[in-house]
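Everything below concerns the one structure shown next.
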Amino acid sequence: MIKILTTVAILVATAASSLVHAQTSADEFRGVLSAIDTVPTREGLLARWPDARDRMIAAARDNALDGYRRQRAITLLSLFPEDRVRDVLLTLSTDTDGSVRRYSIYTLGRTFGPMGDAQAERRVIEATTDRDGRVRLMAVRALRWARGSAAARTLRTLADSEDQSLARAAERSLVRSQRGSMMNENVSSGSDVAQ
């Protein structure tokens, strides 16, 4: 009888310890989503939470989560430039919440644009006509990262827009995308970028 009670006590203690550890882990992860002025690394996140990408995806999709934490989860998805993350961002970029669309569009463009991802580029271009002006503006800013010719054409067209804030953003994105392209060409050709 004492052996049974001892075994039960050990099992209860182990279960309680696991619950406390799980709660601590969840609290720490919420802390990452609440942090200001710190950006974790992919390696750091995965060392602490091997399922960090899935946790970020869940947080990004969580309508009950406050806006800041949800937006931070969306932007931190950029640490995981994988097809699954791209697909989640594509879905979130059509969310009914303009803030979610805005952050998803920028993260989609910033993360997958330099990779030449055609799906991401098409969606960011589509977002330049979103019903929300803030989403349109963020889409224009995100196009600076795209490497496709359609993105450059879209920016040139928008630079002539009657909407002055959109036109200025398109001009800045064009300059920045060209500067980025020149730097990439210099680095790949072995030239000194600082020249």
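Considering only alpha-carbon pairs that sit under 8 angstrom and 6 or more positions apart, the relative contact order computed for region 80-187 is 20 percent. Compute the Cα gyration tensor for region 80-187, then decide on rounded, prolate or oblate, letting a ≥ b ≥ c be the square roots of its eigenvalues: rounded whenever a/c is under 1.5, prolate when a/b is larger than b/c in the other cases, and oblate in all that remain. Oblate, because a/c is 1.5 or more while a/b does not exceed b/c.
What do you get for trypsin sites (Lys or Arg not before Pro) in region 97-135 restricted to DSSP loop and a cutoff of at most 16 other Cβ within 10 Å of the site's Cβ? Passing sites in region 97-135 are Arg131. A simple packing score, the average count of other Cβ atoms within 10 Å per residue, orders the peptides 94-100, 53-59 as 53-59, 94-100, with the highest score first.
Counting neighbouring Cβ atoms within 10 Å and putting the fewest first, the residues Leu76, Leu46, Leu174 line up as Leu46, Leu174, Leu76.
Laboratory data are not the source of any read-out in this text; all were calculated from the coordinates shown. Computed from a predicted structure; not experimentally measured. With ideal geometry, Cβ positions are generated from the backbone for all residues, glycine too; neighbour counts draw on all protein chains shown.
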